[in-house]
Amino acid sequence: MASDPKSHIFEEVAKHNKTKDYWLIISGKVYDVTPFMEDHPGGDEVLLSATGKDATNDFEDVGHSDSAREMMDKYYIGEIYTAAVPLKRSYVAPQPPSYNPDKTPEFVIKILQFLVPLLILGLAFAVRLYTKEK
């Protein structure tokens, strides 16, 4: 590792997001993994999926070997300025429409789903009862 690590801001690291120029943030450290993109066992898509965020959780979830962790030293280029790293992005689901698009109230559908089979069963029972007596 470098003796005097350079401090990088998140926006600077996020700009390096192409196969030919790619930096990662793992455990507060910045790595230029461009030379490793083609050699990565999981393929370059795995690395590219960590673009624009702190990739520590992605890295740890895979369970990398000790040799993989040692290999990281040669790609180390500095530290990340942690105050500039955004919090985890949260997904906000779109709001469903406040009306029923088919114009049928939901409770009517539920009642019919219950009553129609009962009506068929009652009709079958009545037919069986009347045909048995005659």
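The values are calculated or read from the model by the stated rules, or taken from the named source; none is laboratory data. As the structure is a prediction and not an experimental result, all values here were calculated from the model. We place every Cβ from the backbone using ideal geometry, glycine too, and count neighbours over all the protein chains shown. Please note that ligands, DNA and RNA were not included when accessible areas were found on the heavy atoms of the full protein model with its side chains. Shrake-Rupley method; radii C 1.70, N 1.55, O 1.52, S 1.80 Å.
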Problem set entry | Sequence-distant residues sharing a close amide H with VAL30 (under 5 Å, placed H) | ILE77, GLY78, GLU79, ILE80
For this session: Report the local net charge at ILE25: Lys and Arg +1, Asp and Glu -1, summed over other residues whose C-beta lies under 10 Å from its C-beta.
Result: 0
Exercise. Excluding ligands and nucleic acids, what accessible area in Å² is computed for ILE9 using a 1.4 Å probe, to the nearest 10?
Worked result: 80 Å²
Problem set entry | Computed accessible area, MET71, all protein chains, 1.4 angstrom probe, square angstrom | 70 Å²
Exercise. By accessible area of protein heavy atoms, probe 1.4 Å, what ranking do LYS53, LYS29, LYS110, LYS15 get, highest first?
Worked result: LYS15, LYS110, LYS53, LYS29
Exercise. So, in nm, how far is label SER65 from label GLU106 when the simple model puts each one 7 Å beyond its Cα toward the Cβ?
Worked result: 5.3 nm
Exercise. Got a sec to turn the phi values of region 110-127 into Karplus ³J(HN,Hα) couplings, 6.51 cos²θ - 1.76 cosθ + 1.60 with θ = phi - 60°, whole Hz, x for Gly and Pro?
Worked result: 5, 5, 5, 5, 8, 6, 4, x, 5, 5, 5, 5, x, 5, 5, 5, 5, 4
Exercise. With a sphere of radius 15 Å drawn around the Cβ of ALA68, what net charge do the other residues whose Cβ falls strictly inside it have (Lys, Arg +1; Asp, Glu -1)?
Worked result: -4
